[in-house]
1. If you take just the strands (runs of 3 or more DSSP E) that sit entirely in the range 5-79, which of them hold at least 1 residues that are more than 30 Å from residue 242 (Cβ to Cβ)?
2. Give the range 100-133 a look and list any residue that's crowded, with 18+ Cβ neighbours inside 10 Å, closer than 15 Å to residue 45 by Cα and of a type in the set (Gly, Ala, Ser), or say none.
3. Could we say that residue 250 is within 25 Å of residue 53 (Cβ to Cβ) and touching an Asp or Glu at 6+ places or on another chain (Cβ under 6 Å) here?
4. Please determine, by comparing only the residues of the range 196-208 that are part of a strand (DSSP E or B) and of a type outside the set (A, V, I, L, M), which one is farthest from residue 225 (Cα to Cα).
5. Taking the conditions exactly as written (out of contact with any Asp or Glu (no Cβ under 7 Å at 6 or more places or on another chain), surrounded by 15 or more Cβ atoms within 10 Å (Cβ to Cβ), under 26 Å from residue 100 (Cβ atoms) and among the polar types (S, T, N, Q)), does residue 147 satisfy them or not?
6. Looking for whichever is within 22 Å of residue 242 (Cβ to Cβ) and either surrounded by fewer than 14 Cβ atoms within 10 Å (Cβ to Cβ) or in contact with a Ser or Thr (Cβ under 8 Å, 6 or more places away or on another chain) (or both) here; the options are 163, 159. Which one fits?
7. Looking at the range 193-209, which of its residues are out of contact with any strand residue (DSSP E or B) (no Cβ under 8 Å at 6 or more places or on another chain) and closer than 16 Å to residue 234 by Cβ?
8. In the range 209-258, what count of residues is obtained for those that are outside any strand (DSSP E or B), more than 24 Å from residue 72 (Cα to Cα) and not basic (Lys, Arg)?
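The values are calculated or read from the model by the stated rules, or taken from the named source; none is laboratory data. Quick caveat, the model's predicted, so the values are computed rather than measured. Counting neighbours? That spans all protein chains shown, and the Cβs are built from the backbone with ideal geometry, glycine included.
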Amino acid sequence: MARLRCDVVADSLGLATSITVLLPQPSQTRIGAGVRDLDRPPPVLYLLHGLSDDDTAWTRYTAIERYADELGLAVVMPQVHRSFYTDQALGGRYRTWIEQELPELVHRFFRVSDDPAETFVAGLSMGGYGALGWALRDPGRFGAAASLSGALDIAELVRGPQRDEDPRIWERIFGPEPVTGTGADLFALVDRAGAAGVPPLYVCAGSDDPLHGHSTRFVAHARAAGLDVTTHVGAGNHEWAYWDARIRDVLEWLPLQR
């Protein structure tokens, strides 16, 4: 597996940023490495980080590189700071960067599949919100999407206590108006998307996670709308041991050619 950290210019943000990319690499000599036929471009997973992380977090705190290597899967991990993957009311156009500009750069720079059936998106916490929002807005791009401990009920989050370390985060991101029913509300996006064409979804959160209720409510709403949602029920908190275990479940669930 090749691991690259790329410094790129994001025109939609007007600044330089970073992406970490894992690319399958066959090897006859590396201990424990798989030898795969790479005559065709590999499937690709866009893997999104959480609020306090960056593009390196998944590779630093989980074994995603080893898991992806076993599957011959490319993984693209972009950096979005504390943006909630949105075009912020008082900040950068991070949704435009992730959903429009990033895929174009990935396919310009790297040899990965452009088949929607082999293109996936997943994320944890803030990244779970970003992953499902992207899949609901652009369902034809993906073969599946997953949220791990996602901050999925954004209206409840905005109504809650302000964050001491970032007290004006919601005003900066979403502006002064309520988010319920807007394009920032995943529940509203489910209603607008309908069941037709939305890829299969995987949603999980540990029973001890403060955001567990977000996933429970989202799953109930999505299933009532006819969406195909797989869930995992079990203990766990908002921490990396849980996410390391569940990302393995997500990779096993993805409709990959094995």
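1. Correct list: 15-23.
2. 122, 123, 127, 128, 130, 131
3. no
4. Looking at the filtered set, the residue picked out is 204.
5. Considered against the rule, which asks whether it is out of contact with any Asp or Glu (no Cβ under 7 Å at 6 or more places or on another chain), surrounded by 15 or more Cβ atoms within 10 Å (Cβ to Cβ), under 26 Å from residue 100 (Cβ atoms) and among the polar types (S, T, N, Q), residue 147 comes out as yes.
6. Matching residue, one of 163, 159: 163.
7. Selection gives 206, 207, 208, 209.
8. The qualifying residues number 25.
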